[in-house]
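Trainee: Attaching a single structure in structure tokens format; questions to follow.
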Amino acid sequence: MAFGGAATTAMASKFAARIINPIRLSSSHLPNLSLHRTPMLQLHPQPFSPFQINQRGLKYQIRAISEAVVDPVSSNKENGERSPQSWKIKMLYDGDCPLCMREVNMLRERNKQYGTIKFVDISSDDYKPEENQGLDYKTVMGRIHAILADGTVVRDVEAFRRLYEQVNLGWVYAVTKYEPFGTLADVAYGIWARYRLQLTGRPPLEDILVARKKNQDEACNDSNTCKR
């Protein structure tokens, strides 16, 4: 039994040595391999930014959006109007009256901020009574007229008060809402309106009407279309 144990131990030791020691192969048994070392790639890491992804596409998307946006306000600022539908009162003014134009220009400048007044020059050959509640040139030359958005016609000092209110200057004529100040203001304006042509160095209204009709007749002959 002792011999058997020793033999078993010897056999186990030899078997373990074969397992533990690596198998030795002679160089003659191996193929002649020439190994070449491949150089390592030099990587240079860069900081990551989410905005670098598809930068070109993003640039053209932004450009397309910016070109598609149109400013509806800036495209309708002519004559102090923001858009054709935004006005709340229409001012009929005499563009040939130098003193009148001082007030018109002041209101027009203020109106750039509000866009609530539409300005119509009655001295223009393109003025059409049918577009202005039937008010003809002679009538609106006599006294100031204004037209509200609902078609209501106002005149004299009330017209001024309504116009000034639209550009946040209502306090100027606020007192004329009360009597007797309203009546007194209308009387004073009536005197000015009656003599404004003479005071501004212009001919009487009758002469202006004759000259205007003559110009319109000449325009009819030149273009074969009559303007009223």
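Trainee: Using a 1.4 Å probe on the protein heavy atoms only, what accessible surface does Glu109 show? Give it in Å² to the nearest 10.
Mentor: Looks like 110 Å² after rounding.
Trainee: Provide the descending list of Cα extents for the range 118-228 along its principal axes, expressed in whole angstroms.
Mentor: 52, 33, 19
Trainee: Sticking with this one: Report the label-to-label distance for Ile191 and Ala219 in nanometres (one decimal), using points 7 Å from each Cα along the Cα→Cβ vector.
Mentor: Here the answer is 3.6 nm between the modelled labels.
Trainee: Accessible area, 1.4 Å probe, largest first: how do Thr183, Thr176 sort?
Mentor: In descending accessible area the options line up as Thr183, Thr176.
Trainee: Sorted by accessible area with a 1.4 angstrom probe, largest first, how do Val140, Val187 fall?
Mentor: Val187, Val140
Trainee: What's the FRET efficiency of Glu130 with Tyr178 using the Cβ-Cβ distance as r and R₀ = 25 Å, to the nearest 0.05?
Mentor: Computed FRET efficiency for Glu130 and Tyr178: 0.10.
Trainee: How large are Rg and Dmax for the range 176-215 when calculated on the C-alpha trace, in angstrom?
Mentor: For the range 176-215, the Cα-based Rg and Dmax read 14.8, 44 Å.
The values are calculated or read from the model by the stated rules, or taken from the named source; none is laboratory data. Quick caveat: nothing in here was measured; it's all calculated off a predicted structure. Every residue, glycine among them, receives a Cβ derived from its backbone with ideal geometry; neighbour counts consider all protein chains shown. These accessible areas exclude ligands, DNA and RNA; they are computed on the full protein's heavy atoms, side chains included. Shrake-Rupley method; radii C 1.70, N 1.55, O 1.52, S 1.80 Å.
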